[in-house]
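The values are calculated or read from the model by the stated rules, or taken from the named source; none is laboratory data. Since we're looking at a predicted model, the values are computed, not measured. A quick note on method: Cβ atoms are made from the backbone with ideal geometry, for glycine too, and the neighbour counts reach across all protein chains shown.
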Amino acid sequence: MQINDFIRVSYSAKIKETGQEFDKTDDKSVPIIIKPGFLLKGLEEALLEMNVNEKKIIEIPPEKAFGERDSKLMRLIPISEFRKHSTDPEPGMFFQADNMRGKVLSVSGGRVKVDFNNPLAGKTLIYDLEIKEKIESIDDKIRVLFEIYGVADKEKIKAKVISEKEIEIEIPPLINSLYKKKIADEIIKTLKFERVKFAEVFEKPKED
């Protein structure tokens, strides 16, 4: 595989130290774009060395997964901060602060110890993965982008290449403009178009 390839993969993932499974595609495959920042570094490196229908079990160290644990992300927060949100903190609950999500570890003496590290930080991960398909056509790649961003009715999406620099995409009405902006950015970055035009299509309701 190569950078910016669109593929479908199936996998299961577990923590090496405990054997706990934390992610799985079940019987389905999921779309992936092989590009920096989209995947864990270790997963990206492994996929670049694989081919369609190839299976591989890989081990990803913390520095190529979610990083090492950072002691600076262990914080003591006054219990009053929780009370402001009408919340009584308990060990195990999650708390949002400064755009970070943390887990309450303990409550003592009016202070709450919260761990803002990613739960998988410091862990070695084991992935059992298989590349099911390489997505080739522009239409299918565009649909994959909508699928990644959770947009329904992706089968109604049609792409028309206007020129080497421009593409027009027919989409169902009322798709959030934020999604359209993100998808357009991805098309420009990964498919190398310079201009993306969206055309909303309104259809006559089917008669009974």
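Somewhere in segment 84-103, is a residue in contact with a Pro (Cβ under 9 Å, 6 or more places away or on another chain), surrounded by 13 or more Cβ atoms within 10 Å (Cβ to Cβ) and either at pLDDT 90 or above or not charged (D, E, K, R) (or both)?
Yes: one or more hits.
State the number of residues belonging to segment 168-181 that are under 25 Å from the mean Cα position of the chain (by Cα) and either small (G, A, S) or surrounded by 13 or more Cβ atoms within 10 Å (Cβ to Cβ) (or both).
8
Tell me, which residue of segment 1-54 that is in contact (Cβ under 8 Å) with a residue 40 or more places away in the chain and among the small types (G, A, S) is nearest to I138 (Cα to Cα)?
S29
A quick yes/no check of all residues on (1) under 30 Å from I187 (Cβ atoms); (2) surrounded by 14 or more Cβ atoms within 10 Å (Cβ to Cβ):
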| site | (1), (2) |
| --- | --- |
| K72 | no, no |
| S80 | no, no |
| K113 | no, yes |
| L125 | no, yes |
| S137 | yes, no |
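Only one residue in I162, I131 is β-branched (V, I, T) and in the same structural domain as L39 (by TED's automatic domain parsing), so which one is that? Spell out the reasoning first.
Details: I162 fails: in the same structural domain as L39 (by TED's automatic domain parsing).
Within the list I162, I131, the selection yields I131.
Restricting attention to segment 102-109, does a residue exist that is touching a Gly at 6+ places or on another chain (Cβ under 8 Å), among the hydrophobic types (A, V, I, L, M, F, W, C) and under 30 Å from M1 (Cβ atoms)?
no
Just checking: which of the strands (runs of 3 or more DSSP E) contained wholly in segment 96-166 hold 1 or more residues that are under 19 Å from the mean Cα position of the chain (by Cα)?
Working: elements: 100-108, 111-115, 125-135, 158-161.
Passing ranges, in order: 100-108, 125-135.
Restricting attention to segment 70-123, which residues are under 29 Å from A13 (Cβ atoms), free of Cβ contacts under 8 Å to residues at least 24 places away in the same chain and of a type in the set (D, E)?
The answer is E90, D98.
Out of K160, K181, K134, K154, I need the residue that is modelled with pLDDT under 90 and under 29 Å from R8 (Cβ atoms). Which one?
Going through K160, K181, K134, K154 in turn, just one is modelled with pLDDT under 90 and under 29 Å from R8 (Cβ atoms): K154.
Can you name the residue in segment 182-195 that is part of a loop (DSSP other than H, G, I, E, B) and of a type outside the set (K, R) and, of all such residues, is surrounded by the most Cβ atoms within 10 Å (Cβ to Cβ)?
So the residue we want is F193.
Find the residue count for segment 139-164, including only residues that are among the small types (G, A, S) and surrounded by 13 or more Cβ atoms within 10 Å (Cβ to Cβ).
Step one: filter segment 139-164 for residues among the small types (G, A, S), giving 150, 152, 159, 163.
Then drop every residue that is not surrounded by 13 or more Cβ atoms within 10 Å (Cβ to Cβ), which leaves 159.
Number satisfying all stated conditions: 1.
Six or more apart or on different chains, Cβ atoms under 6 Å: show the pairs whose first residue is in segment 172-196 and under 19 Å from I162 (Cβ atoms) and whose second is among the small types (G, A, S) and assigned to a helix (DSSP H, G or I).
From segment 172-196, the pairs are V196/A184.
With the structure loaded, tell me whether I15 is closer than 24 Å to T124 by Cα, among the β-branched types (V, I, T) and touching a Gly at 6+ places or on another chain (Cβ under 6 Å) or whether it fails that test.
Answer is no for this residue.
For G67, which of the numbered conditions (1) free of Cβ contacts under 8 Å to residues at least 24 places away in the same chain; (2) surrounded by fewer than 16 Cβ atoms within 10 Å (Cβ to Cβ) fails to hold?
(1)
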